[in-house]
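All remarks here apply to the structure that follows.
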Amino acid sequence: MSDLYLKLVNTPVGKTAAQSLGLPSPIPLKRLKRVDQPFIEGNILIAAGSGAKAVPTLGAILGASPANLFHATGSDTLEESSKAGNKARSFDLSREADSQFSALVFDATGLKNPQELRALYDFFHPTIRKLATNGRILVIGQDPHSCRKASHAAAQQALEGFVRAMGKEIGKKGSTANLIWIAPNAENQLDSSVRFFLSPRSAYISGQTVRIGKAESAKATNPVAPLTGKVALVTGASRGIGASIAETLARDGATVIGLDIPSAMEELQKVTGALKGKALACDITDKNAPKLIADFIEKESGGVDLVVHNAGITRDKTLGNMPEHFWDMTIAVNLTAEELIDEELMHRNLLKDNGRIVCISSISGIAGNFGQTNYSCAKSGVIGYVEAMAKQLKNGITINAIAPGFIETQMTAAMPFTIREAGRRMNSLSQGGLPIDVAEAIAWYCNPASAGVTGNVVRVCGQSLIGK
Ligand code: NAI
């Protein structure tokens, strides 16, 4: 469904009216136009606090883009910024006033105590107003769970509040701020995540933290088709977010097996037919579903690399009024089926080494939602499942979740007007996301170079004001 307010407010008359009435003025987000588009263009400014460990890696990743790379000078706390390498020219924070940056990148991995947080102020205070519309802020820190000293953990945890607050300040310009926490010595796992968070692919993701652990050295991938040779199973693929996931994984080179309920076969075949994929009619709550899916995968492709549990339903009622089949169905589709399907695939060795499992949670699973005790319960369970499984999986298999906020689909189009408008505007970017925003995040998780990204729950919600 199109967002008429977003269109109106970006006309000259609409902009003036919105400003004088104090209404939100969302900026249209820049999304990917072509798959071979560079992940970032324009000017990038990089800085590093004392003891920074990731800055040479960041310099190499950013130096490979066509953007002009600069490193910050002019502050005692930022002296290590020059380790970004010789592709980065120096930029004196105190002097050059009218430059604009498409991204501000800060390596905070070396900050050891709260006093050293001053480096954040020294870098972002003079530069945040120089961030262009649709700009990107990315901070890299060390995972606080890996810090033994309390003051060290405090400094690294502090980055989360700082980044989330910046996201709220820059959202009105269509810009985003995110934080990546890496495990010690996991700098070599940064590539796919840095590219993703600086690119238009992450347009609707802000205020998020991602943990990256150590993994086998990330394999170089074809940036235009990183999923070449992979087979993907996408449940609920006939429409909405699932159809977009199927299209995006196919765009990136995967062969897609789309699954949906038998009554959605006509729509599903349209989606998979256009992608030269395969369609599987299956109700995932059926007791034979895991076997049916595993048999199909075994016969058609001998195994699967990417499993995306997207199928979901809502059956809303306040708890006192909720019939038991509303409860049972919602838990079965959104939670139980995922576990049973994974179990069968792994039991039969059909999930290949270096495979990827992606589950769809929801903001409702994080914050809870009125009239959705069943759905919030299931989507919260998805988070527990992902976090526990991440510790158990072997052979390079990762598992992560996406928690979408307000995404423009048939589901949200059916909402009453006032609830729909509130859902759209109550986030830092003051607009709803699109199915492609969820799909792009899933493609990033599925990238072979994202081997160190596991156990994460990333919200695709424009930094919704709801939830933590
Ligand atoms: P949708 O209702 O448009 O699509 C869901 C798909 O799942 C449909 O094709 C449906 O036929 C399929 N499905 C439902 N029950 C099934 C079953 N028993 N077996 C097989 N397939 C089944 O929903 P939408 O909006 O595309 O949502 C996709 C996922 O994202 C869901 O898990 C949903 O809970 C989640 N989500 C969506 C949000 C939004 O704003 N649209 C917000 C938060 C989460």
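Give a quick list of trypsin sites (Lys or Arg not before Pro) in segment 218-313 that DSSP marks as loop, anything other than H, G, I, E or B, with at most 12 other Cβ atoms within 10 Å. Of the trypsin sites (Lys or Arg not before Pro), the ones in loops of segment 218-313 whose Cβ has at most 12 other Cβ atoms within 10 Å are 219, 276, 287.
Extending 7 Å from the Cα toward the beta-carbon at both residue 35 and residue 281 defines two label points whose distance is 3.1 nm. Within the straight-line cut-off of under 16 Å between alpha carbons, the lysines reachable from residue 214 are 53, 391, 394, sequence neighbours fewer than 8 places apart in one chain being disregarded. A cut-off of 5 Å between modelled amide H atoms, ignoring neighbours fewer than 5 places along the same chain, links residue 433 with 406, 407, 408. Picking from 297, 436, 361, whose Cα lies most toward the positive end of the charge dipole for segment 231-460 (charges on Cβ: Lys, Arg +1; Asp, Glu -1)? Farthest along the dipole direction, towards plus: 436. Counting only lysines at least 8 places from residue 130 when in the same chain, those with an alpha carbon closer than 20 Å to its own are 30, 168, 172, 173.
Under 1.5 on a/c is rounded, so check that first for segment 231-460, then, if it is not, pick prolate when a/b is larger than b/c and oblate when it is not; a ≥ b ≥ c are the square roots of the alpha carbon gyration tensor eigenvalues. Cα axes put segment 231-460 in the rounded bin. In the chain, the longest principal axis of the Cα atoms and the axis of helix 435-446 are about 80 degrees apart.
Extending 7 Å from Cα along the Cβ direction at residue 267 and again at residue 336 yields two label points whose distance is 2.4 nm.
About its Cα centre, the dipole of the chain is roughly 900 debye, where the only charges are +1 on Lys and Arg Cβ and -1 on Asp and Glu Cβ. Reported value for segment 388-466: 104 Å³ per residue, from the convex hull of its C-alpha atoms. Estimated at 0.36 nm per residue, the fully extended path between residue 129 and residue 415 surpasses their Cα-Cα distance by 99.2 nm. Each part reduced to its alpha carbon centroid, segment 332-383 and segment 134-156 end up 28 Å apart.
Working note: Cα atoms of segment 59-196, range along each principal axis, descending, whole Å: 42, 30, 30.
Farthest toward the positive end of the dipole of the chain, out of 78, 190, 451, is the Cα of 78, where the dipole comes from beta carbon charges about the Cα centre.
Applying the Karplus relation 6.51 cos²θ - 1.76 cosθ + 1.60 with θ = phi - 60° to segment 89-106 yields 3J(HN,Hα) values of 7, 7, 9, 7, 4, 8, 10, 5, 8, 9, 6, 10, 10, 7, 8, 10, 10, 10 Hz, where x marks Gly and Pro.
The long axis of helix 289-301 is offset from the longest Cα principal axis of the chain by roughly 70 degrees. The relative contact order of the chain comes to 14 percent, based on Cα pairs under 8 Å that sit 6 or more residues apart. With r defined as the distance between the Cβ atoms of residue 87 and residue 318 and R0 fixed at 51 Å, what FRET efficiency is calculated, to the nearest 0.05? The pair residue 87/residue 318 has a calculated efficiency of 0.30. Projecting label points 7 angstrom from Cα along Cα→Cβ for residue 274 and residue 347 puts them 3.7 nm apart.
When peptides 305-311, 118-124 are sorted by average Cβ neighbour count within 10 Å, with the highest value leading, the order is 305-311, 118-124. Just need the relative contact order of segment 32-212 here, percent rounded to a whole number, with Cα pairs under 8 Å and 6+ apart. Reported as a whole number, the value is 22 percent.
Using the Cβ-Cβ distance between residue 169 and residue 299 with R0 = 51 Å, the FRET efficiency computed as 1/(1 + (r/R0)^6) comes to roughly 0.45. Each part gets one Cα centre, and for segment 391-468 versus segment 76-131 those centres are 30 Å apart. Here the chain is described by how far its Cα atoms reach on the three principal axes: 66, 54, 43 Å, from widest to narrowest.
We did not get these values from a lab; they are worked out from the coordinates using the rules stated. Model, not experiment: these values are computed from the prediction. In this analysis, Cβ positions are derived from the backbone assuming ideal geometry, glycine residues included, and neighbour counts consider all displayed protein chains.
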